[in-house]
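Data block below; observations after.
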Amino acid sequence: MTREQALPRKNNDIEILRAFAILYTIILHFRVLLPAGSPPVRLLDHLDLSVGVDLFLVISGFVITGSVMDSASRAGTTRRPLMFAFWIKRIFRLLPAAWTWVMIAALAQLAIISTTAIHYPLRDVFIATAAALGNVMNVYTPYCLANGGGQACVLDNFVGHYWSLSLEEQFYLVFPFLFFFVRRRVLVALLVAAIALQFLWQRPFFTYAWYFKTDALCWGILLSLVARSALYQRHVPGLVNMRHIGPMAGLALLAALPLVAANIQGIGPNMKPYGVAVVALICAAIVWLASYDRDVFAVGRRYRRLMLYFGSRSYSLYLSHLVAYLCVRDLFGQFGGGLAAALGPALYYGLLLALALGLALLGAELSYRKVESVMRPRGREIAARLLARSAQGNKRRAVAPDSDSTRADLS
C-alpha cells in the first residue's frame with residue numbers, strides 16, 4: 001500500500017474550519033490577560049467565541065467516522081483488530097502532546113509558586129493535573145465550580161481547557177462499540193434521538209450539562225454516514241457550486257457565527273433554552289458545506305496557505321495557548337508594575353497579548369514538530385501492522401479448509 005492510499009487527501013475546507021475554531025478559542029481566552037471592563041473585554045461579552053469548541057466537536061465526529069469507515073473497507077479483517085487499531089491511532093495522535101502540555105502546565109505553576117508571591121494551592125494543581133491526564137476534566141470542572149471553587153476552577157486552571165479533550169477522548173472510547181456492533185439504521189436512529197433529546201435539555205454555562213454536550217459529536221457522525229450515500233451526492237447545495245460567491249458567503253457565515261451564537265444561545269449565566277442545540281446544528285451545517293471540499297471557505301492562495309497552517313497546528317495551539325496566557329499574566333502581574341506605568345494601559349496590554357500569542361505559537365510549533373509529527377506516524381505504523389497480521393490470519397484460516405479437503409482427495 002502506498003502512502004497516498006494509506007493517507008487519503010485532507011479536506012482543505014475542513015482544515016480551514018479547524019483554523020477558525022482555534023482562532024475563536026484563542027481570542028475567547030484573551031480575557032484572562034485583559035482587565036475586566038476594558039473595551040476588548042466588553043466586545044468579547046457580545047460574542048460567543050466558545051463556538052470554536054462546537055466546531056471542533058462536529059469536525060471530530062465527521063472526520064473520525066470517515067476514517068473508521070475507510071479503514072473498515074480496506075482492512076479485510078474483523079471488528080476487534082479494527083477497534084484496537086482505532087484506539088492505537090487515537091492514543092498516539094492525541095495523548096503524547098496532551099500529556100506533554102499537562103506536564104509543562106504543572107511545572108509552570110510550581111515555578112510560579114516558588115518564585116513569586118502568587119499562591120496556587122498545591123492540592124488544586126495536583127488534582128487538575130490528574131484530571132487532565134485521566135481525561136476527566138469535563139467532570140472535575142463542574143464539580144469544582146459546584147463546590148465553590150470559583151475562579152480557581154476556570155481562569156486559574158492552567159489545564160481547564162482540557163475539558164473538551166476529555167469529552168472527545170470519552171467519545172473515542174465508546175464510538176467503536178457503536179460503529180462496529182450496532183447496525184447502521186439503528187445507529188442513525190440513536191444519533192437522531194440523541195440530538196432531538198438534547199434540544200429539550202437546558203444546559204447552563206459551567207454546569208455538568210454544558211460540559212457533556214454531545215449533540216455536536218452526534219451531528220458529525222451523522223454527516224459522515226450520510227456523506228457516503230447517493231442522496232448526499234445528488235443534493236449538492238448551490239452555495240458549494242458558486243465559484244466566487246460561495247467562498248465569500250461561507251466566510252461571512254463563519255465570521256457571523258460568534259454573534260449569531262451569542263444571540264441564539266446566550267452567554268455565560270444567560271443561556272437560553274435550545275440554544276446549545278441550535279448552535280450545534282449551525283456548526284453541523286457549516287461542516288456539511290465543508291464536507292464537499294470545494295473551497296467554500298478559501299479566498300486567495302495566501303489566505304488559504306495561512307489558514308491551512310493554523311488548521312494543521314490547531315491541536316497543539318489548543319493545548320499551548322492557555323498555558324502561555326496564564327504564565328504571561330502571572331509573571332507580568334508580579335513583575336510588570338513599573339512597565340505598565342511607563343507604557344500606559346494600551347501599550348502594556350498590547351505587549352502582553354503579543355508576548356502571550358508569540359509563546360503560544362512557538363510552543364505549538366515545537367509541539368507539532370517534535371511530538372505530534374513524531375508520534376502520529378508511529379501510531380499509524382503500529383495500527384497498520386496489527387491490521388496486516390489480522391488480515392493474513394484471516395486468509396490462512398479461509399484457505400486451511402480447502403487445503404485439508406485437497407489432501408483428503410489426494411489420499
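Observations
- In summary, SER164 fulfils each of the numbered conditions (1) closer than 23 Å to LEU94 by Cβ; (2) part of a helix (DSSP H, G or I); (3) without any contact (Cβ under 8 Å) to a residue 40 or more places away in the chain with the single exception of condition (3).
- The range 274-342 holds helices (runs of 4 or more DSSP H) entirely within its bounds, and those carrying 2 or more residues that are touching a Gly at 6+ places or on another chain (Cβ under 9 Å) and crowded, with 19+ Cβ neighbours inside 10 Å map to 275-290, 314-335.
- When the range 207-232 is limited to residues that are of a type in the set (Val, Ile, Thr) and surrounded by fewer than 20 Cβ atoms within 10 Å (Cβ to Cβ), the one that is nearest to LEU178 (Cα to Cα) turns out to be THR214.
- Among the conditions (1) surrounded by fewer than 17 Cβ atoms within 10 Å (Cβ to Cβ); (2) modelled with pLDDT of 90 or more; (3) in contact with a helix residue (DSSP H, G or I) (Cβ under 9 Å, 6 or more places away or on another chain); (4) under 27 Å from VAL328 (Cβ atoms), ILE112 misses just one, which is (1).
- Residue check, ALA324 out of contact with any Phe, Trp or Tyr (no Cβ under 8 Å at 6 or more places or on another chain), modelled with pLDDT of 95 or more and either closer than 30 Å to ILE118 by Cβ or charged (D, E, K, R) (or both): yes
- Residues within the range 128-156 that are outside any helix (DSSP H, G or I), modelled with pLDDT of 95 or more and farther than 22 Å from ILE88 by Cα, tallied: 0
Yes or no, residue by residue, for (1) among the small types (Gly, Ala, Ser); (2) crowded, with 23+ Cβ neighbours inside 10 Å; (3) at pLDDT 90 or above:
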site: VAL51; (1), (2), (3): no, yes, yes
site: VAL58; (1), (2), (3): no, yes, yes
site: GLY61; (1), (2), (3): yes, yes, yes
site: VAL68; (1), (2), (3): no, no, yes
site: SER71; (1), (2), (3): yes, no, no
site: THR78; (1), (2), (3): no, no, no
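- Filtered by the rule that a residue be within 30 Å of VAL159 (Cα to Cα) and surrounded by fewer than 21 Cβ atoms within 10 Å (Cβ to Cβ), the range 80-89 gives MET83, PHE84, TRP87, ILE88.
- Being hydroxyl-bearing (Ser, Thr, Tyr), at pLDDT 95 or above and in contact with a helix residue (DSSP H, G or I) (Cβ under 8 Å, 6 or more places away or on another chain) is a description that does not apply to TYR120.
Matching residues to (1) of a type in the set (D, E, K, R); (2) in contact (Cβ under 8 Å) with a residue 40 or more places away in the chain; (3) under 14 Å from LEU34 (Cβ atoms):
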residue	(1), (2), (3)
CYS327	no, yes, no
GLN334	no, yes, no
ALA340	no, no, yes
LEU343	no, no, no
LEU359	no, no, no
ARG376	yes, yes, no
GLY379	no, yes, no
SER390	no, yes, no
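- Residue in the range 79-94 that is more than 28 Å from GLY393 (Cβ to Cβ) and touching a residue at least 24 places away in the same chain (Cβ under 8 Å) present: yes
- Residue match in the range 102-117 (condition: within 26 Å of TYR172 (Cα to Cα) and touching a Lys or Arg at 6+ places or on another chain (Cβ under 6 Å)): no
The values are calculated or read from the model by the stated rules, or taken from the named source; none is laboratory data. Bear in mind the structure is a predicted one, so any value in this text is a computation, not a measurement. Every residue, glycine as well, gets a Cβ built from its backbone with ideal geometry; the counts of neighbours run over all protein chains shown.
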